[in-house]
Amino acid sequence: MSLFKRIIITCFFSLIFTRLLFGNQAYIENNFNFPDTISNQSEQIQIEYLLDSAEKLISIDYTRSNELISLARKYADSLDDKLQLSKVLFLQGKLNYAHGDFYEAEEIFQHLLDNHQNILTNNTIAEIKHALGLTYMRFNNYNKAINLIQEALFVYEKSDDKLNIATAIKDLGVIYYYLGNENSALEEYQKALLLYRDLENNQGIAQCLNNIGMIFRLKGNYALAIEYLEKSLELKYLLNNEPGIANSLGNIGHVYASAGDYDKALDYYNKMLEKWLEMDNVNGISEAYNYLGEVYLCMDKPNQAIDVLLKGNKIASRNKLKQRLTDNYELLSKAYEQRDNYETALTYFKKYNVSKDSLYESLTNQRISEYITRYEKLRAENELIDQERKILEQRFQIIITIIILVGLIVFLFFLYRQNKTIRRKSKKIQKINRELDFRVQQKTSELRLAHFSIDLAFDAIIWMEKNGKIIYVNQSACNMLSYRKEELEEMYIFDIVAEFTDDVWNDYWDQLKQKQSLIIQLNYQTKRGSEIPVEVAFNFREFEGQEYNFTFSRNIVDRKIAEEKLKKAKERAERSDHLKSEFLANMSHEIRTPMNAINGFLSLLSDDDVSSNQKKEIIELARTSSNDLINIINDIIDISKIEADELTIEKALYYVNDILQEIYDYYIKDLNYLHKNKVQLKLEKDDSTVKDRIAFYTDKSRFKQVMNNLISNAIKFTDEGEIVFGYQRITSGGRKLLKFFVKDTGIGIPEDSQEYIFNRFSKLDDKRKKTYKGTGLGLSISKNLVQMLGGKIGVQSEINKGSEFYFTLPYKILDNKETKLLYTPEKKIEVDWEDKVILVVEDTPSNYLLIENYLKSTKIQVFWAKSGKEAIDIFKETEHLDLVLMDIQLPGINGYEVTKLIKAYNQNVPVIAQTAYALSGEKEQSLKEGCDDYIAKPFKKETLIEVLSKHIQ
């Protein structure tokens, strides 16, 4: 379906839905009463009750079912419950499918898969795929239908959902039926029938019996087809399945029509029509009229056919039943053709051509040409009669001449064949003689080649008698055992297999004689005395009354080594899986802890009993918890970037003492805050005359991240004593290096844990006392960062005495001239943008209020747009904007599309993307989509003002 058609259909059904929802809502609510047990329950339970009631009426009462679904949707919308809304939409799609609105059904099912997968269970997703597959079957897209239903079947089998398994298998049979693969369809129906019988599901049994009957109809076994269809009809009467009864009556009519018993076919089609009329099912009524018309055509009764087909046409047109209308047009065309009314036949055939699938266009053109030819033929008939008389006279003369010529040719051909047969027999005798000579030579060569091939075979081949005597070996056996061929053919099996005794060998021989072949693993002893593990295939052979064992032996040393490696790899994988499981459990705790603190502190701020000093302290605590949470998320992002090899390093030249002093000043405050009064923090720096000129080329933020990880761990695991950090100048392998270290007097690290403490997800706990918080990623990230900075990291530790973590980096001593190249602390940016105007596009009010407060000190005028559409409207209405701060994730059209529209109006307005996606490539994507810059959430006030300053003139 084209995009234009889809838009029209969507708008049309939206109008209808709005009318139903608002225009008839009061009527629906006033005419629906919940049972006493439901009326006092929550709205969620009432929605479930409405959906259950609607599902029972899908095949019986379309109007009532649609009303209940509409009421359920109203409740779901009022609750903003997306899960319940997805259930309502799924049932709406099933209702549309059941009543032939396949395009609407396909649109709903695809919408659920595209927008609701994250809130649906696997089984619900499978059911939606199942329903979508059936819908594609209606569009003749059988490949897509089979793929979707098989995906659903895989989920059903995984969850052992036997009812849905049976239904999916049955529906696959339906698709094979439409594809014309009756054997595959019959196989699937029979599988489904067995499952339904195990479940005692009469509805499923009836459907399978019905479908099997239709298969036998196609195969021409009409008696068996009637038998299965009548059994199906009997069950449907028992179940009071009115639509199913009508369907089975129609199918029995199909069988009688195929068998040529048109009177019985008419009888069953009329019964089918009565059922559909009782149910007021317009789709079934239209279909029944089409079937009746088709039978009347077969009976050569075009007037009766036209009468019933026009009734069906009227119903199909009024209710917009596209498929029924297409079939009706074709049958009406044939009926008028049978009545020799070719003009009307051509009219209906053109209507049929417009509505049918494009796959049949070539056939349509052919049929139209045939009708035009017939119509023109009627007008030229009189002229043709005269011409045919002349042609007949000429044809008679030509035929006489041809008969004489053919007779002469046959006689000459007979003479030629006789002569050829005699010569062919003579040549055949000569060929047989040559072929016999060739076969003798060929068999001799084959015997030589077979012996040569066996001797050169990769596997060791050994023939032996019942008593174990070796009678033949190939060259591979000699190479494997280091014996000569003559030596081996004088030995017994016991000489090369130590575990074989007479009793054991006799037991093996009895088993071999019974099973004819055995595959076992043994150890062969070579001439040098070593043992070789081999896999041996024993084969029993009897020749001229003698019993033999014909063996293939293969050296499996490499396989044994591979199995051992696989075992070790499995153990490593299990350990890694265990570590990941522990990490995920720990991560849940680590994230929830600061989140709980933030929520608690925020609730305390609204308490009137809390003093202003206490509020300041609470704000500081909440900020600390927020920073903890951001650090956890940053660790997760960093380890993801490391895994993807996307972490980047930006190096510059820095003074070592300046950076370490910053770190020291921070952690002195941190120790006081943590109330670790028994822990002393010391900084050890170089005290030589060049101490202020020692510098190194590094990424400052990543270097501080490594030091922060190591110092934070030291504080975490040290309750009393001291923590010393700093550096020493050392020389290693001719290189001048700074050895940075962090020493503590904490609990220490067990020796066996030191091997994997830098691995991902590894986390040290003091099992004697307590469990320490942390993600288990810090040391792994630190190890990777140190390697990227050009150094190596290590640890020395002793239980209950403390640990020392260290890493090395190259350095240089600068002279005074290079001082100006070094890092200087950033200055706070002060701006006055009183005459500037910006547009903030942000759909989350809290995020907008934060940005607005960040920018209050700049005096800038701020406009707020909550959606992409509103942003475009404000942009058009505002005379001048200096900048647009664009959120990417917006309702409706996203930020990238809005940016393109803004740039189309004014290319010079800077647009800065703001998004919570912080992974590699997001900034490049923003610039590619037309944005001028990029800022990642969460951001600080200083960062925001700094980025805006680049673009506001």
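A few notes on this one:
- Restricting the first member to the stretch 145-157 and to residues that are open to solvent by less than 20 Å² (accessible area, probe 1.4 Å), and the second to residues that are among the hydroxyl-bearing types (S, T, Y) and modelled with pLDDT under 90, the beta-carbon pairs closer than 6 Å and six or more apart or on different chains are A145/Y136.
- Any hit, the stretch 126-149, residues being more than 15 Å from the chain's Cα centre (by Cα), within 27 Å of A316 (Cα to Cα) and of a type in the set (V, I, T): yes
- Residues of the stretch 472-516 satisfying the condition of being aliphatic (A, V, I, L, M) and open to solvent by 20 Å² or more (accessible area, probe 1.4 Å): M480, M491, A498, V504
- When L179 is tested against (1) open to solvent by 50 Å² or more (accessible area, probe 1.4 Å); (2) touching an Asp or Glu at 6+ places or on another chain (Cβ under 7 Å); (3) hydrophobic (A, V, I, L, M, F, W, C), only condition (2) is not met.
- Selected residue (only one of I851, I902 is under 40 Å from the mean Cα position of the chain (by Cα), touching a residue at least 60 places away in the same chain (Cβ under 8 Å) and surrounded by 15 or more Cβ atoms within 10 Å (Cβ to Cβ)): I851
- Filter pass, G213 being part of a loop (DSSP other than H, G, I, E, B) and farther than 30 Å from L120 by Cβ: no
- Filter pass, Y268 being farther than 22 Å from G100 by Cα, touching a Gly at 6+ places or on another chain (Cβ under 6 Å) and modelled with pLDDT of 90 or more: yes
- Of all residues making up the stretch 50-86, the number that are in contact with an Asp or Glu (Cβ under 8 Å, 6 or more places away or on another chain), closer than 17 Å to I108 by Cα and open to solvent by 60 Å² or more (accessible area, probe 1.4 Å): 0
- Test: residue in the stretch 620-642 that is at pLDDT 75 or above, among the polar types (S, T, N, Q) and either at negative phi or open to solvent by less than 70 Å² (accessible area, probe 1.4 Å) (or both): no
- Residues (among the aromatic types (F, W, Y) and at pLDDT 75 or above) located in the stretch 743-771: F758
- Among (1) under 21 Å from K334 (Cβ atoms); (2) modelled with pLDDT of 90 or more; (3) out of contact with any Gly (no Cβ under 8 Å at 6 or more places or on another chain), the one test that I306 misses: (3)
- If you go through the stretch 58-96 and keep only what is more than 19 Å from N115 (Cβ to Cβ) and modelled with pLDDT of 80 or more, you end up with T63, R64, S65, N66, E67, L68, S70, L71, K74, Y75, S78, L95.
- Out of K144, K87, K94, sole residue that is closer than 28 Å to R197 by Cβ and not β-branched (V, I, T): K94
- Residues located in the stretch 261-281, provided they are touching a residue at least 24 places away in the same chain (Cβ under 8 Å) and of a type outside the set (D, E): Y262, A265, L266, Y269, M272, K275, W276, M279, N281
- Selection status of S286, crowded, with 20+ Cβ neighbours inside 10 Å and closer than 22 Å to A335 by Cβ: yes
- Candidate set: the stretch 535-568, residues that are within 17 Å of V497 (Cβ to Cβ) and in contact with a Leu (Cβ under 9 Å, 6 or more places away or on another chain); chosen: the one surrounded by the most Cβ atoms within 10 Å (Cβ to Cβ): N549
- Where N251 falls short, out of the listed (1) more than 46 Å from the chain's Cα centre (by Cα); (2) touching a residue at least 40 places away in the same chain (Cβ under 8 Å): (1)
- Being assigned to a loop (DSSP other than H, G, I, E, B) and at pLDDT below 90 is a description that does not apply to K350.
- Per the listing I519, I532, the residue uniquely under 56 Å from the mean Cα position of the chain (by Cα), open to solvent by 60 Å² or more (accessible area, probe 1.4 Å), aliphatic (A, V, I, L, M) and modelled with pLDDT of 80 or more is I519.
- If you go through the stretch 234-282 and keep only what is polar (S, T, N, Q) and open to solvent by 40 Å² or more (accessible area, probe 1.4 Å), you end up with N240, N247, S258, N270.
- Residues within the stretch 788-812 that are over 13 Å from V706 (Cα atoms) and in contact (Cβ under 8 Å) with a residue 24 or more places away in the chain, tallied: 12
- Selection count where residues are out of contact with any helix residue (DSSP H, G or I) (no Cβ under 8 Å at 6 or more places or on another chain) and either of a type in the set (F, W, Y) or at pLDDT below 85 (or both), scope the stretch 801-811: 1
- Of all residues in the stretch 661-713, those being within 50 Å of the chain's Cα centre (by Cα) and either of a type in the set (D, E) or farther than 14 Å from V742 by Cα (or both) number 13.
The values are calculated or read from the model by the stated rules, or taken from the named source; none is laboratory data. Keep in mind the model is a prediction, meaning the values are calculated, not measured. With ideal geometry, Cβ positions are generated from the backbone for all residues, glycine too; neighbour counts draw on all protein chains shown. For the accessible areas, the whole protein counts, side chains as well, though only heavy atoms, and no ligand, DNA or RNA atoms are used. Shrake-Rupley method; radii C 1.70, N 1.55, O 1.52, S 1.80 Å.
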